[in-house]
Amino acid sequence: MSKREGGEDARGPKRPPNPPPGARKEGPAQGPQKRPAPKRPGGIRLKRLGGDDFELDHPRCVREMELDFEEGIEIWKAGDPEAARDALRYALQGCGDNLWVHVALGWIALKEFRDPTLARGHFGYAFELAERAFPPGFRGRLPRQRLANRPFYDAIDGLIACYDALGKPAEAAKLRAQVSALSGERPGRSPHPSS
């Protein structure tokens with residue numbers, strides 16, 4: 001290798017080694033700073049329907065994993081919640097942003113295994129995935145009756161059921177108010193799905 005002036009070799013100036021993935025950058029007198037999360041292609045987006053009405057626009061992988069999701073639901077209906085849980089987890093491997101799968105796993109945890117804490121994790125994750133699509137200060141409406149919006153509301157209904165089961169009525173009330181604001185419905189209308 002030929003050396004250039006200033007200690008550079010033919011490939012250019014020496015760079016410091018890359019930090020390990022997930023390492024924090026530190027700025028002068030600012031302390032540790034988190035890197036912004038990279039945008040994932042194909043995540044859930046928000047689509048305007050008209051006026052102030054919107055619906056969630058789900059990634060293509062949701063459709064691609066639809067048969068696996070349906071298989072998990074059929075297994076659950078046939079009375080084998082453990083095998084259903086495994087089938088649904090498999091569906092998540094192909095599409096981690098599938099709200100329907102996260103919600104189904106939440107209902108299985110709550111109804112079949114009587115574990116509101118685990119169920120809250122599944123419902124909460126689905127809720128957060130959808131909420132990431134909302135721009136800051138979002139004031140639009142997500143009509144509950146739209147198929148694309150249903151799993152978001154099912155996740156909220158599941159969270160409310162979990163908070164009720166865990167004796168946290170204030171948390172459940174906050175979610176009911178959020179449903180009212182987002183859906184344009186009157187407060188208190190939060191039906192729990194039967195599946």
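Readers should treat all values here as calculations from the given coordinates under stated rules, not as data from a laboratory. No experiment lies behind these values; they were computed from the predicted model shown. Quick reminder, even Gly has a Cβ in these numbers, built from the backbone with ideal geometry, and neighbours come from all protein chains shown.
If you sort the three axes of the alpha carbon gyration tensor as a ≥ b ≥ c, you get a/c of 1.5 or more for region 67-136 and a/b no higher than b/c, which makes it oblate.
Model label sites at SER180 and GLN145, defined 7 Å from Cα along the beta-carbon direction, differ in position by 2.1 nm. Remark on ASP53: its backbone amide H falls under 5 Å from those of ARG141, a criterion applied only to residues 5 or more positions apart or on other chains, H modelled at 1.01 Å from N. Computed from label points 7 Å out along Cα-Cβ, the spacing between ARG48 and ALA78 is 4.7 nm. I need the shape label for region 53-183. Rule: rounded when a/c is under 1.5, else prolate if a/b > b/c, else oblate, with a, b, c from the alpha carbon gyration tensor. Verdict is oblate for region 53-183.
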